[in-house]
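The values are calculated or read from the model by the stated rules, or taken from the named source; none is laboratory data. For clarity, every value in this text was computed on a predicted model and none was experimentally measured. Cβ placement follows ideal geometry from the backbone for every residue including glycine, while neighbour counts extend to all protein chains displayed. Remember, those area values only see protein heavy atoms, side chains included, never the ligands or the DNA or RNA. Shrake-Rupley method; radii C 1.70, N 1.55, O 1.52, S 1.80 Å.
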Amino acid sequence: MENSVEFQFETEMFAYRFFNTVKHIDAEGLKVKFGRSDHHVSVKYRYRLGEFDSTLSLLDDLARELGGEEVS
């Protein structure tokens, strides 16, 4: 199953830093792109079946460290 989430940041710099960091996360089917504006980052990935998938928690924590929050 695919999961899609978008994060919003106060500045383009923090969004870009999040974007570049997330590109290197080990997640199945990972797709990262800028969202509605240069302050938004959209992330898509597939859930790992048969085991606990901590990807969303990792994304939320990273976004929070950079002053961002989930908007979708």
Review point. To the nearest 20 debye, what charge dipole does the chain have about its Cα centre, counting +1 at the Cβ of each Lys and Arg and -1 at the Cβ of each Asp and Glu?
Key: 300 debye
Study note, to complete from the structure: Between the Cα axis of helix 55-65 and the main Cα principal axis of the chain, the angle (0 to 90°, nearest 10) is 20 degrees
Check your understanding: How about Lys23: which aspartates and glutamates have a C-alpha closer than 15 Å to its C-alpha, ignoring those fewer than 8 places off in the same chain?
Key -> Glu6, Asp60
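Which FRET efficiency, nearest 0.05, do Arg46 and Glu70 yield, Cβ-Cβ r, R0 22 Å?
Here the calculated transfer efficiency is 0.75.
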**Study point:** In degrees, nearest ten, helix 12-22 long axis to first principal axis of the chain (Cα)
**Key:** 20 degrees
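Could you give the accessible area per residue of the chain, probe 1.4 Å, as a whole number in Å²? Display every interim value, and only then the final one.
Values: 4610 Å² over 72 residues.
Averaged over the residues of the chain, the accessible area is 64 Å².
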